[in-house]
1. Can you list the aspartates and glutamates whose alpha carbon sits under 14 Å from that of Lys229, skipping same-chain ones fewer than 8 residues off?
2. Please compute the Kirkwood hydrodynamic radius of region 90-158 from all pairs of different C-alpha atoms, in Å with one decimal.
3. Order of Lys142, Lys229 from fewest to most other C-beta atoms within 10 Å?
4. Where Rh denotes the Kirkwood radius from the mean inverse Cα pair distance, what is Rg over Rh for region 126-173?
5. Calculate, in whole percent, how much of the Cα-Cα pair population of region 39-92 lies beyond 14 Å.
6. Along region 132-139, what does the Karplus equation 6.51 cos²θ - 1.76 cosθ + 1.60 (θ = phi - 60°) give for ³J(HN,Hα), rounded to whole Hz, x for Gly and Pro?
7. Taking just the C-alpha trace of the chain, give me its Rg and Dmax in Å.
8. Please return the longest stretch of the chain lacking exposed loop sites, where chymotrypsin sites (Phe, Trp or Tyr not before Pro) count only if DSSP places them in a loop and at most 15 other Cβ atoms lie within 10 Å.
Amino acid sequence: MVDVAKLRQIAPPRRPFSIRSLPGFTAIAIVCFVLLYAPLLPLVVYSFNAGTSLAFWEGFSLRWYVAAWENDSVQDATILSLIIAVTAAVTATTLATMAALGTTRTKPYKGLTAIYAMINQPLMVPEIVTAVALLILFASIKAATNYHGLAYLIAAHTAFCIPFAYLPIRARLEGMDLSLETAAADLYATPWRTFRRVTLPLLWPGILAGAMLAFVISLDDVVITEFVKSAGQDTLPTYMLGQLRRAITPEVNAISSVLLAVSVVMVTIFFFLNRRMR
């Protein structure tokens, strides 16, 4: 018989591969972070500029934050953006959860790959193509029904956000151990009870990640919103785009800085919630 101890002495086990051990990893990581976040620094700094210039510092002031806060158009656009983003995120996450369960908790069947491709289609098709297609579709519906309400924007954002919510939920499901669900079924739990008491608590971090991603994608969407919206339905990003076309002021910097802060807070909260759940 082979002496395992002698073999281990001759050829000690290799350490697990770590990408951090590759030469130049730290330098490349630092360069990538600088390229990603360095452009945000002037944006935040000049949002506190006392003057109207975006290139010359004229003193520290909260003038543009106050101006944005007191701007009725900014308030209306913010409220509309939050309504659309929350509704689209909740709807898209619900549909994405159902789709993820239908593509991971069943036996492989014919057409499963095609379904997976169709769900992720908005990620592969250029956003402008989706926007033009939705514009044509909704224009026909508007002509037939004479309805020009907010439902079109919510439907468009929901459809676009589904794959963003689907990917983390599906990844979470694929990484879950099936033994607990199998044990629940062996103990005569119904499929709904198994999902509610076993699958859903384990799946919750993936659902939170999908909902957060869908919310952020909907909140800052410009292309689809610009094509689908009707008159008087400016969201915060489309309002900012309109302001940039007229005159660039640090007020836009202030709004962008607040959106950046909201995104950082959301990511931080999700990180601690996910860590606590684990």
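Please treat every number below as a calculation from the coordinates, not as lab data. Because the structure is a prediction, the values reported are computed rather than measured. For neighbour counting, all protein chains shown are included, and Cβ atoms are generated from backbone atoms with ideal geometry for every residue, glycine included.
1. By straight Cα distance, Lys229 reaches Asp221.
2. That comes to 14.2 Å for region 90-158.
3. Placing the least packed residue first, the sequence is Lys142, Lys229.
4. My calculation puts Rg/Rh at 1.13.
5. Above the 14 Å cut-off, region 39-92 has 64 percent of its Cα pairs.
6. Taking θ as phi minus 60°, the curve returns 5, 4, 5, 4, 5, 4, 6, 5 Hz for region 132-139.
7. Values for the chain (Cα only, Rg and Dmax): 24.6, 84 Å.
8. In short, 189-278.
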